[in-house]
Amino acid sequence: MSMANPHPALPDPDPAEREVSEQVEARVREAIVRAGGAISFDRYMAIALYEPGMGYYAGGRRKFGAAGDFVTAPELSPLFGACVAAQIARWLPALAPCIWEFGAGSGELAAQILSELDALGHDTVEYRIIELSAELRARQQATLAATHPHALERVQWLAALPDRIDGIVLANELLDALPVELFSMENGALRERVVELAPALADDVPRGSRQHVGVDGPPLASGLRLGARAPDAAFARRVQARLARAGWPDTPPLGAYHSEIGEQASAWVSSVAERLGTGVMLLIDYGFPAAEFYHPARASGTLNCHYRHRSHADPLWSPGLCDITAHVDFSAVHDAATATGLTCLGYGAQSAFLLGCGLAELFSQRASSADPAARIRAAQALQLLVSEAEMGELFKVIAFGSDPACEPLLLNGRDRRAVLIA
Ligand SMILES: C[S@@+](CC[C@H](N)C(=O)[O-])C[C@H]1O[C@@H](n2cnc3c(N)ncnc32)[C@H](O)[C@@H]1O
């Protein structure tokens, strides 16, 4: 059902990609029809990203790196993994020697950490990867076999959360990939933004089961569109809780305001935190505290999509071919983890974390042996990781420990956890 590309700035998907996207879209349409005319946005995002065998993360498409759709920090520079390993090495003496990485992508970060820890003398550390996607599991295995084969016997893949976790939990750019719900507020009136069929297809929905769904956007060529419906009581409570946490004024801002709630990210943090026996949790992602996330001036929210290194704002375009993400509300992450009894060990910008872990020293030690062109490329990658205009400030690092006496997060004297407690 995918028709002409309505976004000429985006490259045209090739015929094989179109076929995959059509299958994903058919799955979305079935779900809409079954639901009586509309599905919540998090349901749509779950299908588009994770539908077995065809969703963006579950299909065979190459996602990470130059040949994919976006680049993550471990793909940019091995020094990212070296810094994470330096932090982990500070925690290891007091903990079970096991790292639990969730959503390990291409496996680069696992390979970097294992190799760095070996060099630091931690060569018996076990590594567990919890990965939903069979395709990514295979890719992670291939990366480790190619880069650090003798560590493979210490790596295990799990398809589900274990009952108890001891050691170090790690997730880089996982929370931003979890489905979000969307809301809009127009002059104080709250609506839930949903995915529904564009008019030409709406006759698929059995008449008796149609719900009233208002429209807040033009129909898209894909056959799906974003609509809006009156929120049910639970949805309204979830939105009100986020806005209250953000310190929204009693009189809501005038005009249209769109944003997201990352309930699944909070649920993920709670369920992992509840299983953490003796250990720490280290999370890295882009986002802000609630007051910044829901700032009245951020009226378009943070939802964003990636396709072949272009970012775009149409989550309904070519489902299954694009990454769909939202920024992380770190106040919600903090509240979910501390509610289970964990202590926050620090929160700060990625630049502060990497510099605190010795990035500058690692660069001068390792780059001196590289040829000039490689040195320039390595320096450019680090610039992306630490520059305030790139990933250095938007990306944040947060850690929690089961024991308040755990070593604090290395943040180069720039710990900002106070903003999450306010
Ligand atoms: C944006 S990618 C990040 C990849 C990688 N961490 C990196 O830095 O390159 C998100 C990853 O999270 C995985 N994922 C999503 N939900 C998950 C869950 N509940 N448990 C484990 N992995 C999950 C996806 O399959 C994907 O590998």
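Things worth noting here:
- Condition broken by Ser184, with the remaining ones in (1) polar (S, T, N, Q); (2) away from the ligand (no atom under 15 Å from the Cβ); (3) more than 30 Å from Gly262 (Cβ to Cβ) satisfied: (3)
- Given (1) near the ligand (Cβ under 10 Å from one of its atoms); (2) modelled with pLDDT of 95 or more, index of the condition Gly65 fails: (2)
- Of all residues in the range 96-109, those satisfying the criterion of being of a type outside the set (Val, Ile, Thr), open to solvent by less than 20 Å² (accessible area, probe 1.4 Å) and in contact with a Gly (Cβ under 8 Å, 6 or more places away or on another chain) are Cys98, Ser106, Leu109.
- Long-range neighbours under 6 Å by Cβ, at least six apart or interchain, first residue of a type outside the set (A, V, I, L, M) within the range 19-36, second part of a helix (DSSP H, G or I) and surrounded by 14 or more Cβ atoms within 10 Å (Cβ to Cβ): Arg27/Ile47
- Each residue in the range 87-142 was checked for being charged (D, E, K, R), touching a strand residue (DSSP E or B) at 6+ places or on another chain (Cβ under 9 Å) and at pLDDT 95 or above, and 4 of them qualify.
- Among the candidates Thr338, Thr343, Thr325, residue that is modelled with pLDDT of 95 or more and closer than 30 Å to Gly223 by Cβ: Thr325
- Every pair of residues 6+ apart whose Cβ atoms lie under 9 Å, when the first sits in the range 120-131 and is touching a residue at least 24 places away in the same chain (Cβ under 8 Å) while the second is open to solvent by 40 Å² or more (accessible area, probe 1.4 Å) and of a type in the set (Asp, Glu): none
- When the criteria are applied in full, Ile88 fails the requirement of being within 20 Å of the chain's Cα centre (by Cα) and within 20 Å of Ile398 (Cα to Cα).
- Filtering the range 70-79 to residues that are near the ligand (Cβ under 9 Å from one of its atoms) and small (Gly, Ala, Ser) leaves only Ala73.
- Of the residues making up the range 410-422, just one is over 16 Å from Val386 (Cβ atoms) and touching a helix residue (DSSP H, G or I) at 6+ places or on another chain (Cβ under 7 Å), namely Leu420.
- Wholly within the range 325-410, helices (runs of 4 or more DSSP H) carrying at least 3 residues that are free of Cβ contacts under 8 Å to residues at least 40 places away in the same chain and surrounded by fewer than 17 Cβ atoms within 10 Å (Cβ to Cβ): 359-367, 372-386
The values are calculated or read from the model by the stated rules, or taken from the named source; none is laboratory data. Model, not experiment: these values are computed from the prediction. As a convention, Cβ positions derive from the backbone with ideal geometry for all residues, glycine included, and neighbour counts pool all protein chains shown. When the accessible area is computed, the model is the full protein with side chains, heavy atoms only, and any ligands, DNA or RNA have been set aside. Shrake-Rupley method; radii C 1.70, N 1.55, O 1.52, S 1.80 Å.
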